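Single-structure report; data block below.
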Amino acid sequence: MRIIGLSCFIVFLFGCTAAPSTQTESEYAVAMPDEFAAQVALDVMAEGGNAIDAAIAAQFTLAVTYPEAGNIGGGGFMTIYMDNATDFLDYREMAPATASRDMYLDDNGDVHPTDSLFGAKASGIPGTVAGMWQAHQKYAKLPWARLVQPALTLAEEGFRVPEKLAGRVSRYIKRLEQRGRESNFSDYFGNAATPGALFKQPELAATLTRIRDHGLAGFYSGETADHIVEFMQANGGLISHEDLSNYVAKWRTPITFNWRGYEIITSPPPSSGGIAVAQWLGMVDAVVSNNGLPPYNSGHYLHLVSEAGKRVFADRAEYLGDPDFFTVPQTQLVDPDYIAKRAQAINLNAISPTGDVQPGLYESEDTTHFSIVDKWGNAVANTTTINLSFGAGVVAEGAGFLLNDEMDDFSAKPGVPNFFGAVGGEANAIEPYKRMLSSMTPTIVLDDNKIKLVTGSPGGTTIISSVTLSILNTLLFDLSAEEAVNSPRFHHQLLPKDTIRMHPGFTVATKQMLTGMGYTLDERRFGDLHVILQQDGKLSAASEASGRGKAVVEKAQ
Ligand code: DON
């Protein structure tokens, strides 16, 4: 079922820009989580910068204007299509050298409820500045200082606080108070709790000045590093000078696979997302080719996709972790025969018992995402995070940026779910300098070597569903970019048992059918998709209306 006219409605209400009538290669586009990053990225491309230049400038801007997830204190993944070649940059955080498998367990062997989520001990070694530096060295056209400067100016001169940011900041401060958590958060962000206030961040501006002038050394050594380490030592954190100087962002080979004639380029381990999307799309396809395609967002469709998702998450928990520490059976997990065999066990009329869905290889709630296409047809899909909204909830004093709480993405104890309800074992156990398993899935789809779709979202484990559904919505059900990001989505991750998390907006008939089958429906929004879609040589871009994103397509001069 198509949602006729929704895109025009969304354009009218939120200013998402519909496609102009020009060829892809004379257009460029952004789909960004906020208006500041959108403008900075557009300015960079108007000045002759490519998609990587725009991505670097946007990443630093979001560290200033989108503090709940934009960062220099966290990490992320960048999927790249540049000069007709694919690439992938892993700037995920690493566990500090003194981290250990049981570091979040108490004397009884139980997982401490907040140590991996809040405060200095929750932080992995930040990777963002190293990542942006690597991206710049390999691909950029414009000077580093030009790309850091817009963020620095916004931090120094301030920006007017958008209403949605003010709401998030004030709710967060209230929550810290209610839970009696000691934090310097409101000292730094109290002024951002008022919509329209001019919000300046002088310490962050000074840190960005050092990064602008000294590159990597402006963050991983010298004054910024001193501030981070002093804060760690005073607050029970682990990150040392040695850890900071040992951090490396890594170039990896992206996962690429063919799906319905498209080439999909997506994130390899230490993300679980690419393997998961390959399995998920593959299983849905295997069932659809034998049984036909159920109507869009019908109960039958949600059941089919959910059954596939259960199998995806069973494999995720068992086989996925940092490939530098654990042998991930990647080739087997994305083997079409294996995926088709997994799909055979899906019963279209009944929920398969949760306990029967085991890993299959026996035989042998803040992140943010942006999508960019430049006028040469290069693309960047970049997802970046400090894990939960506002990360560890504490600022590295003197350096002025929020620290991540990414350590919670490790499996603190086998079988005990993390914040996102994900379980894991050996593959994702904590080890010094290991990267914690992620769900971030920045993804680019090619059609005949040209950009078809650039997509990604925040949302912890639900990221994988948001990305998979954005591909199915646009490329299987033919929705426009605006329709695809704003139509209701759903998510099933095996545990909790028989539970489908869903956006509001599904029909009564769909919900009744699912509850009749025995599903529990958990109606809560998730994710924030930012998508660029090419149709007939024209770009369209859309950011989900529930967020504060901005998507724009510009005609190149
Ligand atoms: O890397 C991951 O999978 C998580 N740290 C992402 C966290 C996230 O998306 C939170 N956003 N809503």
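The values are calculated or read from the model by the stated rules, or taken from the named source; none is laboratory data. Bear in mind the structure is a predicted one, so any value in this text is a computation, not a measurement. Cβ atoms come from the backbone with ideal geometry, glycine included; neighbour counts cover every protein chain shown.
Condition check ((1) in contact with a Ser or Thr (Cβ under 8 Å, 6 or more places away or on another chain); (2) modelled with pLDDT under 95; (3) surrounded by fewer than 17 Cβ atoms within 10 Å (Cβ to Cβ); (4) part of a strand (DSSP E or B)) across all residues:
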residue: Glu307; (1), (2), (3), (4): yes, no, no, no
residue: Ala343; (1), (2), (3), (4): no, no, no, no
residue: Gly360; (1), (2), (3), (4): no, yes, no, no
residue: Glu363; (1), (2), (3), (4): no, yes, yes, no
| remark: How many residues of region 424-459 are hydroxyl-bearing (Ser, Thr, Tyr) and either assigned to a helix (DSSP H, G or I) or within 12 Å of the ligand (Cβ to nearest atom) (or both)? The answer is 4
| query | From the list Thr79, Thr98, Thr114, Thr86, which residue is surrounded by fewer than 22 Cβ atoms within 10 Å (Cβ to Cβ), within 19 Å of Ala249 (Cα to Cα) and of a type in the set (Ser, Thr, Tyr)? | reply | Thr86
| task | Please verify whether region 330-337 includes one or more residues that are surrounded by 19 or more Cβ atoms within 10 Å (Cβ to Cβ) and within 16 Å of the ligand (Cβ to nearest atom). | result | no
| query | Just for region 406-423: of the residues that are touching a strand residue (DSSP E or B) at 6+ places or on another chain (Cβ under 8 Å) and within 9 Å of the ligand (Cβ to nearest atom), which one is farthest from Gly127 (Cα to Cα)? | reply | Asp409
| query | Mind checking which pairs have a first residue in region 435-448 that is among the charged types (D, E, K, R) and a second that is assigned to a strand (DSSP E or B), Cβ under 6 Å, 6 or more apart or different chains? | reply | Arg435/Met94; Asp447/Tyr262
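Condition check ((1) outside any strand (DSSP E or B); (2) surrounded by fewer than 24 Cβ atoms within 10 Å (Cβ to Cβ); (3) within 16 Å of the ligand (Cβ to nearest atom)) across all residues:
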site: Asn349; (1), (2), (3): yes, yes, no
site: Ile372; (1), (2), (3): no, no, no
site: Asn387; (1), (2), (3): yes, no, yes
site: Phe390; (1), (2), (3): yes, no, yes
site: Gly398; (1), (2), (3): yes, yes, no
| query | Could you say whether any residue in region 252-259 is part of a helix (DSSP H, G or I), among the aromatic types (Phe, Trp, Tyr) and in contact with a Ser or Thr (Cβ under 9 Å, 6 or more places away or on another chain)? | reply | no
| Some residue of region 460-473 being part of a loop (DSSP other than H, G, I, E, B) and within 24 Å of Leu437 (Cα to Cα) | yes
| query | In region 469-485, what count of residues is obtained for those that are crowded, with 24+ Cβ neighbours inside 10 Å and within 13 Å of Ala545 (Cβ to Cβ)? | reply | 4
| note | Among the residues of region 256-273, the number that are within 16 Å of the ligand (Cβ to nearest atom) and in contact with a strand residue (DSSP E or B) (Cβ under 6 Å, 6 or more places away or on another chain) is 5
| note | Matching residues in region 486-509 (buried (at least 18 other Cβ atoms within 10 Å of the Cβ), in contact with a strand residue (DSSP E or B) (Cβ under 6 Å, 6 or more places away or on another chain) and over 24 Å from Ala350 (Cβ atoms)) number 0
| message | Can you find a residue that is among the aromatic types (Phe, Trp, Tyr), closer than 25 Å to Ile463 by Cβ and more than 22 Å from the chain's Cα centre (by Cα) anywhere in region 524-535? | response | no
| Any chance Asp408 is modelled with pLDDT of 95 or more and under 22 Å from Ala234 (Cβ atoms) | yes
| Restricting attention to region 500-532, which residues are farther than 18 Å from Ala54 by Cβ and assigned to a strand (DSSP E or B)? | Ile500, Arg501, Met502, Thr520, Leu521, Asp522, Glu523
